[in-house]
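First comes the structure, then the notes that go with it.
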Amino acid sequence: MAKATIKPSTYLYPVPAVMVTSGPREGPNIITLAWVGTICSSPPMVGISIRPSRYSHELITKHGEFAVNLPTADQAGIVDYCGMVSGRDVDKFAEAGLTALPANAIATVIIGECPLNLECKVQQVLSLGSHDLFVGKVVAVQVDEGILTAKGQLDLHRAMPLAYGEHEYWGLGERLGFYGFSAKKR
């Protein structure tokens, strides 16, 4: 297969499209992010990258915590809206019709309509150029019971995760296998 060389960019795709909440419970903000990922399993940690000019950057820096709220694919319009307006000017919870629920282990809120919520405390901030990477230790997880299997594991088919790639939102397709399925075949 022939390959072309193109300009270096962030072509890692797809990535989760999430809504991150931060700030005080009396005036929380939502930011839509796709620069998000798991960075450690023990202890569980996630990384979120935010431009320093963003309102959420200011709130997370000040309060040292945030929640990663994983939406469903059918919430793509809400996710997009929360990424297009600034929380400095708009109450995104009110405008998007979202419910702010108290987090269990941090002093901000989670989004009630999102089936999975990761509550995080900032462990480290790395300035990387256009974005700062906030490393957050996951200190609590809230999950809708409707997306759990009988064994208490996440059912991604029922969770309907939302992904983002090349300026487009995507839902996940069919399951192709499970961890270790290729070795089990041999």
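The values are calculated or read from the model by the stated rules, or taken from the named source; none is laboratory data. Owing to the predicted nature of the structure, the values given are computational and were not obtained by experimental measurement. Neighbour counts are summed over all protein chains in view; Cβ atoms, including those assigned to glycine, are modelled from backbone coordinates with ideal geometry. We work out accessible area using only protein heavy atoms, side chains counted, and drop any ligands, DNA or RNA first. Shrake-Rupley method; radii C 1.70, N 1.55, O 1.52, S 1.80 Å.
Ligands, DNA and RNA excluded, the heavy atoms of residue 138 present near 20 Å² of accessible surface to a 1.4 Å solvent probe. FRET efficiency for the pair residue 145 and residue 9, taken as 1/(1 + (r/R0)^6) with r the Cβ-Cβ distance and R0 = 45 Å, rounds to 0.65. Peptides 9-20, 125-136, ordered by how many other C-beta atoms sit within 10 Å of their residues on average, highest first, read 9-20, 125-136. Taking amide hydrogens as placed 1.01 Å from N in the peptide plane, the amide H of residue 65 sits under 5 Å from those of 122, each at least 5 positions away in sequence or on another chain. State the label only: which of (1) -0.30, -1.15; (2) -0.34, -1.15; (3) -0.40, -1.36 corresponds to log10 I(q)/I(0) by the Debye sum over Cα atoms at q = 0.09, 0.17 Å⁻¹ computed from the shown model? Entry (2).
Structure remark: mean-square fluctuation, Gaussian network model of the chain, C-alpha springs under 10 Å; the largest value among 155, 91, 80 belongs to 155. Using θ = phi - 60° in the Karplus curve 6.51 cos²θ - 1.76 cosθ + 1.60, the 3J(HN,Hα) couplings for the stretch 43-58 round to x, x, 9, 10, x, 10, 10, 9, 5, x, 6, 7, 4, 5, 4, 4 Hz; x is entered for Gly and Pro. Considering only alpha-carbon pairs that sit under 8 angstrom and 6 or more positions apart, the relative contact order computed for the chain is 24 percent. Carbon and sulfur: what percent of the chain's accessible surface (1.4 Å probe)? Of the solvent-accessible surface of the chain, carbon and sulfur hold 55 percent. Applying both filters, DSSP loop and at most 15 other Cβ atoms within 10 Å, to the trypsin sites (Lys or Arg not before Pro) of the stretch 79-181 gives 88, 151, 175. Here residue 38 and residue 2 are evaluated by their C-beta separation; at R0 = 45 Å the FRET efficiency comes out at 0.85.
Each label was represented as a point 7 Å from its Cα along the Cα-to-Cβ direction; for residue 104 and residue 85 these points are 3.2 nm apart. Across the stretch 87-95, rounded Karplus estimates of 3J(HN,Hα) from the backbone phi angles (6.51 cos²θ - 1.76 cosθ + 1.60, θ = phi - 60°) give x, 5, 10, 9, 7, 5, 4, 5, 5 Hz, Gly and Pro being marked x.
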